[in-house]
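Trainee: Encoded as structure tokens, here's the structure I'll be asking about.
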Ligand code: FEC
């Protein structure tokens with residue numbers, strides 16, 4: 001008997017694959033409004049500062065391969081095919097769903113490469129997938145992992161990486177080093193909608209620090225949009241200034257809302273936040289991203305398999 005084929009719609013943010021693609025990418029993020037030349041220039045310069053372009057597409061591809069391999073290891077009885085669909089770059093979620101239908105995929109699980117649910121993050125990926133399903137008439141059966149922010153293996157993987165960051169400080173100093181768990185800021189209006197995003201980030205931070213017995217931690221926000229409306233704060237740069245004002249000399253930042261190395265980690269933390277910490281004479285250590293680490297992939301694969309059981 002042939003194995004049951006299950007399509008996995010693995011959804012990722014996407015990044016430009018050439019300098020020419022920065023403008024259409026940025027325009028897509030801004031829902032079709034082209035950026036001002038000055039804004040485009042600034043974004044291009046941020047990519048230049050991290051080496052020209054972002055490593056995100058390569059990492060997304062490695063994560064997809066690793067997820068497919070891990071799913072087969074965890075459940076050899078089924079045939080899993082992982083399809084990558086991006087929010088802001090090719091192949092867009094809509095194009096990927098079309099491909100899944102062309103390949104005859106009838107049953108699928110959707111998962112996003114981001115741990116925490118917000119109507120403005122994971123919610124928008126699911127919306128795009130559902131619109132595409134309506135357009136292409138399939139896959140017939142699909143369900144979505146809505147968040148996996150406290151999946152036990154994800155907590156293990158994050159705890160190991162946070163512990164490795166703390167290990168860069170002498171043992172007698174470690175307890176006094178705050179760990180700040182950051183995620184991409186979103187407009188403050190999500191709070192009025194009862195959005196679970198800020199609570200889920202707190203829950204990840206609490207579970208990780210409980211596991212390693214580190215009580216000195218809190219959450220912060222990063223990479224807020226450049227728009228006039230208020231965004232969730234405090235911003236990580238203000239957190240660093242505030243900690244410095246309180247006499248703190250060392251800080252660990254864990255960008256736990258992201259799962260890859262990319263612009264928001266490599267520029268906003270590794271360059272911008274690091275530069276501020278240097279100016280203030282503080283030591284800043286950034287927790288490594290999970291990328292395609294096996295334990296992390298097991299976490300996401302387990303969340304997918306649990307969703308498959310729920311149907
Ligand atoms: O490495 C790369 O090239 C791409 C990195 C990248 C990731 C990412 C993740 C998230 N974003 C989220 C929300 C928003 C909202 C806006 C917004 C704007 C940008 C811009 C760039 C960008 N984001 Fe992003 N985001 C990444 C890159 N993001 C570039 C445009 C310039 C700027 O504002 O910095 C504001 C849109 C608007 O103007 O209306 C909102 C959230 C995540 C984390 C969850 C996820 O990965 O989906 C939430 C990676």
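The numbers here are math on the coordinates, done by the rules we state, and not lab data. For clarity, every value in this text was computed on a predicted model and none was experimentally measured. Note that each Cβ is placed from the backbone with ideal geometry, even for glycine, and that neighbours are counted across all protein chains shown.
Trainee: For a footprinting-style exposure proxy, rank 11, 120 by other Cβ within 10 Å, fewest first.
Mentor: 120, 11
Trainee: Using all C-alpha to C-alpha distances in the chain, build P(r) with 20 Å bins and read off the rounded percent in each one.
Mentor: Values per bin, smallest distances first: 31, 58, 10, 0.
Trainee: Which residues in the stretch 279-305 have a backbone N closer than 16 Å to a point placed 7 Å from the Cα of residue 176 along the Cα-to-Cβ line?
Mentor: Those under the cut-off are 281-284.
Trainee: What 222 nm value per residue comes from the helices of the chain, counting each DSSP H run with n ≥ 4 as -39,500 (n - 2.57) and dividing by all residues, nearest 500 deg cm²/dmol?
Mentor: The helix-only estimate for the chain comes to -13500 deg cm²/dmol at 222 nm.
Trainee: Run the simple label-point estimate for residue 124 and residue 18 please: 7 Å along Cα→C-beta, distance reported in nm.
Mentor: Between residue 124 and residue 18, the simple spin-label model gives 2.6 nm.
Trainee: How much of the DSSP bridge set in the stretch 152-286 is antiparallel, in percent, rounded to the nearest 5?
Mentor: Given both bridge residues lie in the stretch 152-286, the antiparallel proportion sits at roughly 5 percent.
Trainee: Under a 10 Å cutoff between Cα atoms, tell me which one of 57, 291, 75 has the largest fluctuation in the Gaussian network model of the chain.
Mentor: 75
Trainee: Further question on the same structure: Using only Cα atoms, locate the centre of the stretch 252-275 and the centre of the stretch 26-51, then give the distance between them in Å, rounded to an integer.
Mentor: 18 Å
Trainee: Once you have the Cα-Cα distance between residue 73 and residue 241, take 0.36 nm times their residue separation minus that, and quote the gain in nm to one decimal.
Mentor: This chain segment gains 55.8 nm when fully extended.
Trainee: If you take all C-alpha pairs in the stretch 152-286, what percent of them are over 19 Å apart?
Mentor: 49 percent
Trainee: Just to verify a number: FRET efficiency for residue 134 and residue 58, C-beta to C-beta distance, R0 = 25 Å, to 0.05?
Mentor: Efficiency for this residue pair is about 0.20.
Trainee: While we're looking at this one, here's another question. Kindly identify the stretch 10-63 as rounded, prolate or oblate by the Cα gyration tensor criterion: order the square roots of the eigenvalues as a ≥ b ≥ c, call it rounded if a/c is under 1.5, otherwise compare a/b with b/c, prolate if a/b is larger, else oblate.
Mentor: oblate
Trainee: Also, quick follow-up: Per residue and in cubic angstrom, what volume does the convex hull of the Cα atoms of the stretch 1-102 have?
Mentor: About 97 Å³ per residue, rounded to a whole number.
Trainee: Using the reciprocal of the averaged 1/r over all distinct C-alpha pairs, how large is the Kirkwood radius of the stretch 130-183 in Å?
Mentor: 14.9 Å
Trainee: Using packing as a proxy for protection, rank 230-237, 76-83, 180-187 so that the peptide with the highest average count of other Cβ atoms within 10 Å comes first.
Mentor: So the peptides 230-237, 76-83, 180-187, ranked by packing, come out 180-187, 230-237, 76-83.
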